[in-house]
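Please find one structure pasted underneath; my questions will follow.
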Amino acid sequence: MKLKTFLGGIHPPSHKNLSAGKKIEEPPLPKTVCIPLAQHIGAPCEARVEKGQKVKKGEVIADSQAFVSAPIHASISGTVTAVQDYPHPSGKKIKAVIIESDEKDEWFREPKNGQDPLQLSSEELKKKIREAGIVGLGGAAFPTHVKLSPPKEKNIDAIILNGVECEPYLTADHQLMLEKTEAIVKGLQIILRIMGVQKGYIGIEVNKPDALKAMKKATKGLSNIEVVGLKVKYPQGAEKQLIKAILGREVPPPPGLPMDVGAVIQNVGTAYAIYEAVTFGKPLIERIVTVTGRGIKEPKNLRLRIGTLFSEIINYCGGIQGEAGKVLMGGPMMGLAQYTAQVPIIKGTSGILVLSKEELASGESKHCINCGMCVRACPMHLIPSSLGTYCEKDLFEEAEAAHIFNCIECGSCVFVCPANRHLVQMVKYGKSAILAAKKQQQQKK
Amino acid sequence: MIAAVVSLGGLAFVLAIGLGIASKIFAVEIDPKVAAINEILPGANCGGCGYAGCSAFAEALVAGEINPSECKASGSEAIEEMSRILGVSVEQKEKTIATIFCQGATDKCKPKYQYEGIEDCKAALLLGDGYKACPYSCLGFGSCVKACPFKAIKIEPTGLPSIDENRCTGCGSCISQCPQGVIKLVPISKLCYIPCSSKDKGKAVRQACDVGCLACGLCVKKCPEQAITMENNCPVIDPEKCTGCGTCAEKCPRKIIRIQIQK
């Protein structure tokens, strides 16, 4: 049988064997955590605590009035030692709450088995999700309660859980699906209830046969949930590509969203967090992170508190071996390179990748030779070579006409480019320049 | 053959007459003043005056909308010449030149990471506020070089741009393209300035750069003319008040203040 997938894409080597199948471990409590106030897409939070204040695990330390935002909780109990600018994985310095542990690890409100979530109303469930500070754990960190509140006129008929994990090296979602299969399925049932939707899908690439099998077993007898095995291809886990593969629908170009074709996508990790939040009232203070790469001694899958520093985790995994070339947050395709290991784990951190010198792509960037390999690889059916050149030459009107905002910055074009062109950086630069110009124009008006 | 010569020759004659008549009927009147001023203007279309180009500026001049000294790229002789054509008297503005308010060469301002992306300042700035330890530093990829219509800027081996005083006209094209805002116009007769744009306090500057201003405020205190003020941890010298005594430069613990007055 032909496996479901999308058009375009690439086949990077997976390197998942480094950490695949390793049980999720919990390292010792961090002595200090640095919790940035911007961990999601949308309005950053404002600190609700002051220097010197005692906080407990799960206590709200920052929140915002804006709709597109999610509160942030203390991930350990202890004393706030500072609220100050601190390096953030995005590369900028962003205000963070720094908490020194009292090593008691006391809960503010102990999670306990509450009411059966399937008895609660949709609004109550969404309120619980917001209170727990849940955001999309796949990486984009979009506040989940907002994603679960589409406008009334949108007719949603399918919820898709994303267990694809198409980024090379990462195995966090895979391991979670093996260890918390039931909880993830329950999470999906909760989402189905919130949205009032009949049909749920769980999309998993076929390179994870054990996860597929476990999910199929867990959903046996549940006629409204279908587990779909997908072709192994990058970026199969991108929202639009996943919808195309499972439902065969094309999401319209921006500002089009998955909900315009009746679909809502959630990462499996998010579903697990939703289950924990609405069943036990547990806020999002930890997440599963893969620590991997050939630059790290012992790759592991870890359950980490938000705000733990990269350096501490790298030490826990045996430290760096050989000559490290690059430290990334996330996978090698879309991850963000870090210039210091003193950055904290945030809600959107799916992995810490330490690449050795040998694993790094190298080579000088040269002129485009018009080979068209990027065009074939582009899962959004754009012409990356032209987009890159337009942005490089500051021809932003042309770039916009060539649908620059459709680009999902997956990096497939850069992966195949024989001339080593920095296509994604060019597109990112172009997008930011166009948006800045538009903002300026609006201000003039 | 004669038939061909006669017919083509005749055709040419008729068309020539037609063209002659058309050029009289559809003639576009150009003010001779505009043409004369166009001759004088530098013709680089730098846009420093705010008009689309030199000919648009020339038309605005003749229409009396603007004053010849607004052309920042023209020297004093050219402005005098234009004033003579227009029959107006113009107060000469002092010539200013673009100056780089940063000395963080690659060996002075430590790199934060190894940058391997596009060679463009604006694109490089998107990656964690630039690759240099100081977030206010010149990135040295030459967005200003590309912007300069007079080829007055080049990137030195130190990684910083240098400005050719003779070529720079003070049009300000580079300023609009510099994402860090480290280029400013300074009057050429009084080049008194502190070449640093850091808004950080002393400790952070010391960690990042060997030649950054520590915002200690000694220059502000010691200036006998009170010509220096501190704005956002960055001292600013008022060229109007500065007499060029050099007290500040002497007292500066980092010895970075530049005082260069043409007498």
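Please compute the contact order of the range A:373-444 in relative form: average sequence separation of alpha-carbon pairs under 8 Å and at least six residues apart, divided by the residue count, as a percent.
Reported as a whole number, the value is 35 percent.
Dipole magnitude of the range A:373-444 about its Cα centre, charges +1 at Lys/Arg Cβ and -1 at Asp/Glu Cβ only, in debye to the nearest 20?
160 debye
Here's a follow-up. For the pair A and B, how large is the buried accessible area, both sides, in square angstrom to the nearest 100, if the probe is 1.4 Å?
Counting both chains, the buried surface is close to 1100 Å².
What's the carbon and sulfur percent of the range A:373-444's accessible surface, probe 1.4 angstrom, rounded to a whole number?
Its accessible area is 56 percent carbon and sulfur atoms.
Net charge around residue A:20, counting only other residues with Cβ within less than 10 Å of its Cβ (Lys, Arg = +1; Asp, Glu = -1)?
Around residue A:20, the surrounding residues sum to +2.
Same structure, new question: Grab the DSSP H runs of chain A that are 4 residues or longer, score each as -39,500 (n - 2.57), total them, divide by all residues and round the 222 nm result to the nearest 500 deg cm²/dmol.
On the way: 13 runs with 123 residues, N = 445.
Result for chain A, helices only: -8000 deg cm²/dmol.
Additional query: Note down the Stokes-Einstein diffusion coefficient of the range A:1-136 in µm²/s, whole number, using a Kirkwood radius over alpha carbon pairs, 37 °C, and 0.692 mPa s.
On the way: Rh = 18.0 Å.
Stokes-Einstein gives a translational diffusion coefficient of 183 µm²/s.
Once each part is reduced to its C-alpha centroid, what is the distance from the range A:63-113 to the range A:176-233 in angstrom?
Centre-to-centre (Cα) distance: 31 Å.
Grab the other residues whose beta carbon is less than 11 angstrom from that of residue A:368, score K and R as +1, D and E as -1, and report the net.
Cβ neighbours under 11 Å give a net charge of +1.
Looking at the P(r) of chain B, how many percent of alpha-carbon pairs lie beyond 31 Å? Provide the component values of the computation, followed by the final result.
Working: 15235 of 34453 pairs.
Everything past 31 Å amounts to 44 percent.
Mind jotting down a quarter of the surface of the convex hull over the alpha carbons of the range B:126-177, in square nanometres, one decimal?
It is 4.0 nm².
Please compute P(r) over all alpha-carbon pairs of the range A:295-445, binned at 5 Å starting from zero, and give each bin as a whole-number percent.
With 5 Å bins starting at 0, P(r) equals 2, 9, 15, 16, 14, 13, 13, 10, 6, 2, 0, 0.
Still on this model: Specify which residue in the list A:9, A:21, A:44 is farthest towards the positive end of the charge dipole of the range A:1-59, using unit charges on the beta carbon of Lys, Arg (+1) and Asp, Glu (-1), about the Cα centre.
With unit charges placed on the Cβ atoms, the residue in question is A:21.
Can you compute the modelled spin-label distance between residue A:82 and residue B:84, with each label point 7 Å from Cα toward Cβ, in nm?
6.6 nm
Rounded to the nearest angstrom and ordered from largest down, what semi-axes does the equivalent ellipsoid of the range A:199-331 get from its C-alpha gyration tensor (root of 5λ)?
31, 19, 17
If packing is taken as the average number of other Cβ atoms within 10 Å across a peptide's residues, how do A:103-113, B:14-24 rank, most packed first? Show your work: numbers first, answer last.
On the way: A:103-113: 12.7, B:14-24: 9.7.
Descending packing order for the listed peptides: A:103-113, B:14-24.
Non-local amide H neighbours of residue B:183 (under 5 Å, H modeled in plane, Pro and chain starts lacking H): which ones?
Close amide H contacts, sequence-distant or interchain: B:101.
A further question on this structure: Let me have the 222 nm mean residue ellipticity of chain B computed from DSSP H runs of 4+ only, each contributing -39500 (n - 2.57), with the sum over all residues rounded to the nearest 500.
-9000 deg cm²/dmol
Just need the relative contact order of chain A here, percent rounded to a whole number, with Cα pairs under 8 Å and 6+ apart.
Normalised by residue count, the contact order of chain A is 18 percent.
What stretch of chain B, leaving out the sites themselves, is the longest with no GluC sites (Glu not before Pro) in a DSSP loop having at most 12 other Cβ atoms within 10 Å?
B:95-239
Oh, and also: Lys and Arg at +1, Asp and Glu at -1: add these up for the other residues within a Cβ distance under 15 Å of residue B:57 and post the number.
Details: positive: B:33, B:72; negative: B:31, B:39, B:59, B:65, B:70, B:81.
Neighbourhood net charge equals -4.
For the Cα atoms of chain B, what angle does the longest principal axis make with the long axis of helix B:76-86, in degrees from 0 to 90, nearest 10?
40 degrees
Which three extents, in angstrom, do the Cα atoms of the range A:373-444 have along their principal axes, listed largest first?
Each principal axis gives a Cα extent; for the range A:373-444 these are 43, 20, 17 Å.
Over the Cα atoms of the range B:60-114, what radius of gyration and what Dmax do you get, in Å?
Using the Cα atoms of the range B:60-114, the pair Rg, Dmax is 19.7, 59 Å.
Let me know the charge dipole size of chain B about its Cα centre in debye, to the nearest 20, where only the beta-carbon of Lys, Arg (+1) and Asp, Glu (-1) is charged.
Approximately 1260 debye in magnitude.
Further question: How big is the range A:112-280 by Rg and Dmax over its Cα atoms, in Å?
Every Cα atom of the range A:112-280 included, Rg and Dmax give 14.8, 44 Å.
Can you give the direction-averaged projected area of the convex hull of the alpha-carbon atoms in chain A, in nm²?
Values: hull surface 87.6 nm².
That works out to 21.9 nm², a quarter of the Cα hull's surface.
Past 23 Å, Cα to Cα: identify those pairs from A:444/B:132; A:22/A:216; A:233/A:282; A:366/B:146, in the order given.
A:444/B:132; A:233/A:282
Where does the Debye-calculated log10 I(q)/I(0) of the range B:32-86 sit at q = 0.12, 0.16, 0.19 Å⁻¹, using only Cα point scatterers of equal weight, no solvent?
Results for the range B:32-86 at q = 0.12, 0.16, 0.19 Å⁻¹ read -0.19, -0.35, -0.51.
For a quick check: with amide H placed at 1.01 Å from N, whose amide H comes under 5 Å from residue A:356's, ignoring anything fewer than 5 positions away on the same chain?
The answer is A:294, A:295, A:325.
Share of antiparallel DSSP beta bridges in the protein assembly as shown, in percent to the nearest 5?
Working: 56 of 78 bridges.
Expressed as a percentage, antiparallel bridges in the protein assembly as shown total about 70.
What order, most packed first, do the peptides B:254-260, A:238-244 have when packing is the mean number of other Cβ atoms within 10 Å of each residue?
Working: B:254-260: 15.9, A:238-244: 23.7.
So the peptides B:254-260, A:238-244, ranked by packing, come out A:238-244, B:254-260.
If the viscosity is 0.692 mPa s and the temperature 37 °C, what translational diffusion coefficient in µm²/s does Stokes-Einstein give for the range A:116-199 when Rh comes from Kirkwood over Cα pairs?
Details: Rh = 14.1 Å.
In µm²/s, the coefficient is 233.
Something else: Note down the magnitude of the dipole of the range A:262-405 about its Cα centre, charges +1 on Lys and Arg C-beta and -1 on Asp and Glu C-beta and zero elsewhere, to the nearest 20 debye. The partial results should precede the final answer.
Details: 13 positive and 13 negative charges, 124 e Å.
Taking the Cα centre of the range A:262-405 as origin, the dipole is about 600 debye.
Also: Averaged over A:354-367, how many beta carbons belonging to a partner chain fall within 10 Å of each residue's beta carbon?
On the way: counts 0, 0, 0, 0, 0, 0, 1, 1, 1, 1, 1, 4, 0, 0.
Counting other chains' Cβ atoms within 10 Å and averaging over A:354-367 gives 1.
With a 1.4 Å probe and every protein chain left in place, work out the accessible area per residue of the range A:154-206 in Å², rounded to a whole number.
On the way: 1450 Å² over 53 residues.
Value for the range A:154-206: 27 Å² per residue.
With every atom except the alpha carbons ignored, what do you get for Rg and Dmax of the range A:52-121, in angstroms?
For the range A:52-121, the Cα-based Rg and Dmax read 15.2, 43 Å.
Against the longest principal axis of chain B, how steep is helix B:2-25, in degrees 0 to 90 to the nearest 10, with axes from Cα atoms?
60 degrees
The values are calculated or read from the model by the stated rules, or taken from the named source; none is laboratory data. This structure is a prediction, so every number in the text was calculated from the model and none was measured. Every residue, glycine as well, gets a Cβ built from its backbone with ideal geometry; the counts of neighbours run over all protein chains shown. The accessibility values were calculated without ligands, DNA or RNA, using every heavy atom of the protein model including side chains. Shrake-Rupley method; radii C 1.70, N 1.55, O 1.52, S 1.80 Å.
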